[in-house]
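These notes are about the structure you will find just below.
The values are calculated or read from the model by the stated rules, or taken from the named source; none is laboratory data. Note that the structure is predicted; figures quoted are calculated from it, not measured. Every residue, glycine as well, gets a Cβ built from its backbone with ideal geometry; the counts of neighbours run over all protein chains shown.
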Amino acid sequence: MGTNNQYQSTVTAEGHLVDSGSLSEAMDLIVRGGATFKVRQFTLGSTNTQPSRAVIDVHAPSESQLGEVLDRLIRLGFYSADVHEPVVHKSTKDGTVPDDFYSTTNHVTEVYLKGQWRRATNQRMDAVLIVAGDGETVECRKLRDVKKGERVVCGHEGIRILPEFKERDRSDFAFMTTEVSSEKKVEWVVGRVADWITNRQGKLIVVAGPVVIHTGGVEPLARIIAAGHIDAVLSGNALAVHDVERALYGTSLGVDTRTGVPVVNGHQHHMRAINAVRQAGGLTEAVKKGLLTDGVMHALVTHKVPYVLAGSIRDDGPLPEVVTDVNQAQDKYWQLLQGADVVLMLSSMLHSIAVGNMLPSWVKTVCVDINPQVATKLADRGSHQAIGCVTDVGLFLNLLADRLGA
């Protein structure tokens with residue numbers, strides 16, 4: 001306890017604190033939380049690689065207020081200057097944790113164990129931290145997967161976060177991080193994305209919605225798949241259904257994909273497409289039997305690119321490959337996302353936000369949608385690394401396929 005009946009703690013942080021805005025955000029957060037601060041030490045990094053360092057004393061009128069402020073500061077990369085081992089309590093029931101559990105972000109997270117900072121594995125947001133029996137390893141775990149007796153990190157002691165600092169790490173994209181705008185030159189964005197894809201160290205994952213089919217993105221996306229650029233596709237029933245509808249009937253949602261004119265009885269085509277695939281025994285069998293001869297799903301099956309189709313309550317059919325258990329679908333998405341370096345989100349708010357919740361913040365993420373609110377909602381839900389490109393997804397894919405030489 002500090003003087004004048006105030007509770008006090010000293011926190012520190014390293015990184016690009018000024019140009020990322022995290023230092024000023026921290027100060028605002030402290031004041032808004034009803035506390036006060038004093039900068040004890042500040043060292044400014046003078047190059048792109050040299051970090052800044054800040055040491056700040058935080059004073060609050062109550063222990064609870066101090067705790068709330070510290071919890072928020074942790075998410076900006078601040079941690080207690082007087083480092084202690086974290087508080088760890090055992091789960092008393094499968095799928096539950098103590099009330100004061102620490103809930104993770106998507107940033108690199110380290111826990112102070114046995115005198116060293118240990119990096120948590122399987123980083124994702126909205127998980128809990130489980131300390132292994134050896135006391136030296138820690139991992140992020142979904143709440144439903146916690147087992148009785150496992151050791152759960154609680155409170156905020158002994159935890160530090162290393163946020164991504166976009167402005168220096170990705171200076172060529174820095175101007176895109178401030179807002180989502182339709183005025184950004186699409187060709188320029190496509191060029192940068194193509195460079196990311198070509199030079200990536202890990203996997204390229206595509207998250208796609210049925211708008212890809214409606215806007216004429218089938219052919220370029222199939223070319224990119226055939227060229228070997230895509231390592232997995234995550235989507236839902238609708239993408240596959242309308243892709244098959246286009247292949248069998250030349251329509252998408254009953255609209256002729258060449259003329260844009262609704263056709264007679266076209267509203268029945270998606271159901272007839274579902275029925276045809278179910279009669280064939282699934283998408284793979286439809287390709288083998290020659291029923292499905294082109295399109296996105298044909299390219300995925302032909303080139304053996306893994307995919308997951310996650311079901312929803314509004315699905316017609318669905319197709320046999322659709323995973324209708326939401327927990328299983330989440331797990332299958334998560335498995336294919338391991339090792340991702342670039343994730344391309346194509347006009348699917350539902351699946352993009354779901355995938356965003358599973359991604360660590362260091363994965364390069366591009367959200368392409370004609371609706372700027374999709375990228376905004378991704379950022380609002382914690383996927384701050386997501387870059388928004390407001391444009392027609394069919395146009396984007398055509399330009400990207402050409403740029404990749406697919």
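Among the helices (runs of 4 or more DSSP H) confined wholly to segment 310-406, which include 2 or more residues that are in the same structural domain as Q268 (by TED's automatic domain parsing), hydrophobic (A, V, I, L, M, F, W, C) and closer than 16 Å to T215 by Cβ?
393-404
Tally the residues that are in a loop (DSSP other than H, G, I, E, B) and of a type in the set (A, V, I, L, M), restricting the search to segment 231-248.
Adding up the residues that qualify gives 0.
Out of D369, D380, which single residue is at pLDDT below 95, acidic (D, E) and under 16 Å from S235 (Cβ atoms)?
D369
Please go through segment 89-104 and pick out each residue that is surrounded by 20 or more Cβ atoms within 10 Å (Cβ to Cβ) and either among the charged types (D, E, K, R) or under 16 Å from L73 (Cα atoms) (or both).
If the condition is that a residue be surrounded by 20 or more Cβ atoms within 10 Å (Cβ to Cβ) and either among the charged types (D, E, K, R) or under 16 Å from L73 (Cα atoms) (or both), then Y102, T104 are the ones that fit.
Give the residues of segment 128-142 that are surrounded by 17 or more Cβ atoms within 10 Å (Cβ to Cβ) and either outside the structural domain of T105 (by TED's automatic domain parsing) or more than 14 Å from I159 (Cα to Cα) (or both), sorted by residue number.
R141, K142
How about segment 50-77: which of its residues are among the small types (G, A, S), at pLDDT below 90 and exposed (fewer than 14 other Cβ atoms within 10 Å of the Cβ)?
Hit for segment 50-77 is S64, nothing else.
State which residue pairs qualify: first residue under 16 Å from D82 (Cβ atoms) and inside segment 34-62, second residue aromatic (F, W, Y) and surrounded by 13 or more Cβ atoms within 10 Å (Cβ to Cβ) in any location, beta carbons under 7 Å apart, and separation of 6 or more residues or different chains.
Sorted first by the residue in segment 34-62, then by its partner, the pairs are A54/F42; I56/F37; D57/F37; V58/F37.
Inspect segment 78-88 for any residue being without any contact (Cβ under 8 Å) to a residue 60 or more places away in the chain, assigned to a loop (DSSP other than H, G, I, E, B) and surrounded by 17 or more Cβ atoms within 10 Å (Cβ to Cβ) and give the result as yes or no.
Within segment 78-88 (the criterion being without any contact (Cβ under 8 Å) to a residue 60 or more places away in the chain, assigned to a loop (DSSP other than H, G, I, E, B) and surrounded by 17 or more Cβ atoms within 10 Å (Cβ to Cβ)), the answer is no, since none of the residues qualifies.
Restricting the first residue to segment 234-252 and requiring it to be in the same structural domain as R314 (by TED's automatic domain parsing) and among the aromatic types (F, W, Y), which pairs with a second residue that is assigned to a helix (DSSP H, G or I) and surrounded by fewer than 23 Cβ atoms within 10 Å (Cβ to Cβ) meet a Cβ separation below 8 Å and a spacing of at least six or different chains?
If the second residue must be assigned to a helix (DSSP H, G or I) and surrounded by fewer than 23 Cβ atoms within 10 Å (Cβ to Cβ), the pairs left are Y249/G266; Y249/R272.
Are any of the residues in segment 249-263 outside any strand (DSSP E or B) and acidic (D, E)?
no
Against the condition in contact (Cβ under 8 Å) with a residue 24 or more places away in the chain, among the β-branched types (V, I, T) and either at negative phi or crowded, with 23+ Cβ neighbours inside 10 Å (or both), how does V296 come out, does it pass?
In short, yes.
Based on this model, can you work out whether T12 counts as of a type in the set (V, I, T), surrounded by 16 or more Cβ atoms within 10 Å (Cβ to Cβ), part of a strand (DSSP E or B) and in contact (Cβ under 8 Å) with a residue 24 or more places away in the chain?
Taking the combined requirement at face value, the residue satisfies it.
Exactly one condition in (1) touching a residue at least 60 places away in the same chain (Cβ under 8 Å); (2) closer than 28 Å to N398 by Cα; (3) surrounded by fewer than 16 Cβ atoms within 10 Å (Cβ to Cβ) is not met by D316; state its number.
Every condition holds for D316 apart from (2).
Of everything in segment 107-129, what is part of a loop (DSSP other than H, G, I, E, B) and either in contact (Cβ under 8 Å) with a residue 60 or more places away in the chain or under 13 Å from E139 (Cβ atoms) (or both)? Give them in sequence order.
H107, A120, N122, Q123, R124, M125, D126, A127
Is it the case that T92 is among the polar types (S, T, N, Q), in the same structural domain as I159 (by TED's automatic domain parsing) and either under 22 Å from G155 (Cα atoms) or assigned to a strand (DSSP E or B) (or both)?
It is true that T92 is among the polar types (S, T, N, Q), in the same structural domain as I159 (by TED's automatic domain parsing) and either under 22 Å from G155 (Cα atoms) or assigned to a strand (DSSP E or B) (or both).
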